[in-house]
Every structure is written in structure tokens, then in C-alpha cells.
Amino acid sequence: MVDHQFPRYSFLALFLSLIAMILLPPFFGDNSGLIQRLVWICNLLAGLWLVTHNHRLLLLGGVFALPAILVDQSSLMAGPVMWTVGYFVISMIFLLFILYFLFRVVIGAKRVSTDLIFASLCFYLLLAVVWTYIYLLIDLVMPGAFSINPEITLGYSTVTREFMYYSVVTLTTLGYGDIIPQNAIAKSWAAMEAIVGQLYLAVIVARLMGLYIANELVSDRSEDSQS
């Protein structure tokens with residue numbers, strides 16, 4: 001991985017925006033929808049910032065990010081189902097685009113660096129965001145696919161926040177049980193997220209440790225040859 005290809009602090013910016021998307025909205029009550037939209041836009045822009053060194057990737061990412069930025073999310077649940085489905089699909093395509101880019105960074109790295117660590121963390125959190133939209137899509141197409149507290153007012157921002165929470169606890173295999181998949185498709189996607197989350201942790205820890213040990217061995221050999 002060549003560090004100078006990437007804008008400075010770009011992986012850190014994406015990581016912080018992803019953390020903000022999980023933590024901030026619940027603290028703003030009635031304004032949580034606005035905060036959620038602003039943080040989502042920050043996520044999209046932070047994702048695009050990663051690929052500013054490659055004009056072709058920047059253009060491709062912008063094609064999918066622009067509709068997601070311009071659409072008023074608060075009107076999605078009240079509008080035609082196909083518009084909402086289209087929005088979810090476009091958002092997932094953009095997220096998968098960023099995931100693919102991060103995957104190349106993590107796999108192509110030749111040494112452990114701060115960028116590599118934050119890229120790895122961003123990949124893990126983005127997995128949760130992708131599955132959030134998968135759950136939203138399943139719940140939209142198959143109402144009742146998930147059992148959610150009926151006392152919750154299920155506007156778009158609330159539903160998204162609930163599925164983000166469910167996605168994170170599933171990815172980390174916490175499984176509190178307050179949201180429960182009710183049909184076979186919902187159950188299979190929840191199981192797959194838990195599997196992917198654990199496999200990713202196992203593979204990425206082995207990858208980082210392998211790179212670190214290899215770099216240390218090369219450094220020790222270089223010192224021995226000089227002495």
C-alpha cells in the first residue's frame with residue numbers, strides 16, 4: 001500500500017463518520033432524522049474522499065453517491081415502494097463500492113500502518129451498514145419479517161436506527177434478542193452476517209499479525225547485515 005495515494009486522514013475521517021452514524025442520532029430526539037441525514041452525507045463524502053486520487057473511481061462513486069445525497073430520506077417511507085427500494089439498492093451499491101476499495105487496501109498492504117488499521121476498522125463497520133440496508137429492504141418487501149417493539153413509531157429514521165443497532169449486535173454476535181427475524185430469508189441473512197463478522201475478525205487479525213511479524217523479521221535482518 002502506497003501511503004501518499006490517499007488523502008491525509010481519509011481513513012480516520014470515514015471511521016469517525018461511521019461511529020457518529022451509530023452514536024449521534026439517538027441524542028437528538030425529534031431532530032434525529034436531520035442528524036442522521038447529515039451524518040449519512042458525511043459518510044458518503046468521506047467514502048468519496050478515499051478515491052480522490054483516482055478520477056475514474058471518483059466519478060463512478062459519485063454516480064451512486066449523488067442520488068443518495070439528494071434524496072430526502074424522510075419522504076421515503078411515505079412514497080412509492082419502488083422509489084424506496086431503488087434508494088436502498090443505490091445506497092448498497094455505493095457501500096459495496098467503498099467496501100471493495102477498502103478490501104483492496106487491506107489485502108494489498110505490505111506493512112502495518114495507521115492507514116491500514118483504520119481501513120480495516122472501516123471495512124468492519126461498513127459491513128454493519130450494508131446489512132442495515134439489507135434488513136431495511138427485507139422489511140420493506142416482506143412486512144413482518146422482523147419482530148420489533150410495536151410501541152416504537154416506525155418512521156424512516158427510527159427504522160434505520162433500529163436496524164443499524166440490530167446489524168451491529170448481529171455482526172458482533174451479541175444477539176440480545178429484542179429484535180427477532182421471523183421468516184427464513186431474514187433468518188438466513190442474519191446468520192450470514194454473524195458468520196461474515198467472525199470470519200472477518202479471524203482473517204484480519206491473522207493478516208495484521210502476519211504483516212507485523214514479516215516486517216519485524218525484515219527489519220532485524222537489515223540491522224544484522226549492517227552490523
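The values are calculated or read from the model by the stated rules, or taken from the named source; none is laboratory data. Owing to the predicted nature of the structure, the values given are computational and were not obtained by experimental measurement. FYI the Cβ positions are ideal-geometry reconstructions off the backbone, even for glycines, and counts take in every protein chain you see.
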When you check ILE180 against the structure, is it farther than 26 Å from VAL71 by Cβ, at pLDDT 80 or above, of a type in the set (A, V, I, L, M, F, W, C) and touching a strand residue (DSSP E or B) at 6+ places or on another chain (Cβ under 6 Å), yes or no?
yes
For TYR135, state whether it is modelled with pLDDT of 85 or more, aromatic (Phe, Trp, Tyr) and farther than 28 Å from ILE204 by Cα.
no
Taking the options LEU95, LEU45, name whichever one is surrounded by fewer than 18 Cβ atoms within 10 Å (Cβ to Cβ) and at pLDDT 90 or above.
LEU45
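Name the one entry in ALA128, ALA119, ALA145, ALA109 that is over 15 Å from the mean Cα position of the chain (by Cα), at pLDDT 90 or above and either crowded, with 21+ Cβ neighbours inside 10 Å or small (Gly, Ala, Ser) (or both). Talk me through it step by step, then tell me what you get.
Working: ALA128 fails: over 15 Å from the mean Cα position of the chain (by Cα); ALA119 fails: over 15 Å from the mean Cα position of the chain (by Cα); ALA109 fails: at pLDDT 90 or above.
Exactly one of ALA128, ALA119, ALA145, ALA109 is over 15 Å from the mean Cα position of the chain (by Cα), at pLDDT 90 or above and either crowded, with 21+ Cβ neighbours inside 10 Å or small (Gly, Ala, Ser) (or both), namely ALA145.
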Sole residue being within 16 Å of the chain's Cα centre (by Cα), farther than 15 Å from ASP139 by Cβ and touching a residue at least 60 places away in the same chain (Cβ under 8 Å), chosen from TYR200, TYR212:
TYR200
Would you pick out the residues in segment 171-207 that are part of a loop (DSSP other than H, G, I, E, B) and touching a Phe, Trp or Tyr at 6+ places or on another chain (Cβ under 7 Å)?
ILE179, GLN182
Give me the pairs: first residue in segment 109-134 and within 12 Å of MET164 (Cβ to Cβ), second residue outside any helix (DSSP H, G or I) and aliphatic (A, V, I, L, M), beta-carbon distance under 9 Å, and six or more apart or on different chains, which are they?
none
